[in-house]
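*Asks:* Following this message is one structure expressed as structure tokens.
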Amino acid sequence: MVDLIITGVVAALMIAICCAYLKYEAIKEKKSLIGILPKGIKQTLFGTGMILSTILIFMVLFFLYDSSWVFAVKRIVLFTALWPIAFIDYRKHIIPNKLLCFLLIVRLVIAIAEMICDFKSAKGELLSCLIAGAGIAILLCIMRLIVKEGIGFGDIKLFAVMGLFLGVRGSIPSIFMSFVISFFVSVYMLIS
């Protein structure tokens, strides 16, 4: 029950932080949030999508996956933060370093909590996360050198941060699925 409450509070807090960050971006550009987000139904769908998908991930992690609070918190933090990252990347073609730094700080706090709660299993998990983050960064940098303009440095940093959250076992399918989804989006954009 405590795991459920901790993860629920983190999910609600992350939704609030993401909405506040989008509002901060709007104020920084001297526009209203309405001016930055798509108007009408798209704006409503974006906000509703962020909230409902976070709730869905929360429910899946606890009721179907039966995961620990650390596992669930890492995934919810990362998943919820991807909403403003994707929105800003779509609009400006840039992934904000502020959000990536925020994710790194949150991951450090989670790592400390992990070490306090269960030191033995946390060592292996942290090692897996560090290997995934460093391995992804190196692999994608090599890929960038080979295929110019194929992937941006913002994407490389984002995937490395994702590796720090997901570890080796979670990073490989996540990166594969992101490339598959990018392929279909690219095909759609080329056709239209």
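Coordinate-derived values only; no laboratory data. Here the structure is a predicted model, which means the values were calculated and not measured. Cβ: placed from backbone, ideal geometry, glycine included. Neighbour counts: every protein chain shown.
*Asks:* With 21 Å as the limit, write out which pairs from 92/157; 74/98; 120/157; 28/92; 74/148; 98/148 have Cα-Cα distances beyond it, or answer none. Could you put the intermediate results ahead of the total?
*Replies:* Numbers: 92/157 17 Å; 74/98 18 Å; 120/157 29 Å; 28/92 14 Å; 74/148 32 Å; 98/148 26 Å.
Cα-Cα > 21 Å for 120/157; 74/148; 98/148; rest within.
*Asks:* Relative to the present Cα-Cα distance, how much length would full extension add between residue 155 and residue 64 at 0.36 nm per residue of separation? Spell out each step's value before the answer.
*Replies:* On the way: separation 91, 0.36 × 91 = 32.76 nm, distance 3.07 nm.
Fully extending the segment from residue 155 to residue 64 adds 29.7 nm.
*Asks:* Let me ask another. So which residue, out of 111, 132, 26, gets the largest mean-square fluctuation from a GNM of the chain using Cα contacts under 10 Å as springs?
*Replies:* Maximum among the listed residues: 26.
*Asks:* Spin-label point model (7 Å from Cα, Cβ direction): what's the residue 123 to residue 20 distance in nm?
*Replies:* Result for the modelled spin labels: 3.7 nm.
*Asks:* Among the complete DSSP H segments of the chain, which ones combine at least 20 Å of alpha-carbon extent along their axis with a mean Kyte-Doolittle hydropathy of 1.6 or more?
*Replies:* Details: long enough: 2-28 (38 Å, 1.63); 41-59 (26 Å, 1.46); 69-92 (34 Å, 0.91); 97-117 (30 Å, 2.06); 119-146 (40 Å, 1.56); 153-191 (36 Å, 1.68).
Those that clear 20 Å and a mean of 1.6 are 2-28, 97-117, 153-191.
*Asks:* List the GluC sites (Glu not before Pro) within the stretch 103-192 that fall in a DSSP loop (any state other than H, G, I, E or B) and whose Cβ has at most 10 other Cβ atoms within 10 Å.
*Replies:* Working: sites: 114, 125, 149; in loops: 149.
Here the GluC sites (Glu not before Pro) that fit, given the DSSP loop and packing criteria, are 149.
*Asks:* Under 10 Å, Cα contacts only: if you run a Gaussian network model on the chain, which one of 58, 165, 176 comes out with the highest mean-square fluctuation?
*Replies:* Judging by the Gaussian network model, the answer is 176.
*Asks:* I need the calculated FRET efficiency for the pair residue 189 and residue 130, taking r as the beta carbon distance and R₀ as 41 Å, to the nearest 0.05.
*Replies:* Working: r = 35 Å, r/R0 = 0.86.
After rounding to 0.05, the efficiency reads 0.70.
*Asks:* Using Cα pairs closer than 8 Å and at least 6 residues apart in sequence, work out the relative contact order for the chain, in percent. Before the final figure, lay out each step's value.
*Replies:* Working: 145 pairs, mean separation 36.6, N = 192.
That works out to 19 percent.
*Asks:* What FRET efficiency comes out for residue 4 versus residue 177 if R0 is 22 angstrom and r is the Cβ-Cβ distance? Round to the nearest 0.05.
*Replies:* 0.20
*Asks:* Excluding residue 137 itself, what net charge comes from residues whose Cβ is under 14 Å from its Cβ, given Lys and Arg +1 and Asp and Glu -1? Present the calculation step by step, with values, prior to reporting the outcome.
*Replies:* Values: positive: 144, 157; negative: 155.
Charge balance near residue 137 sits at +1.
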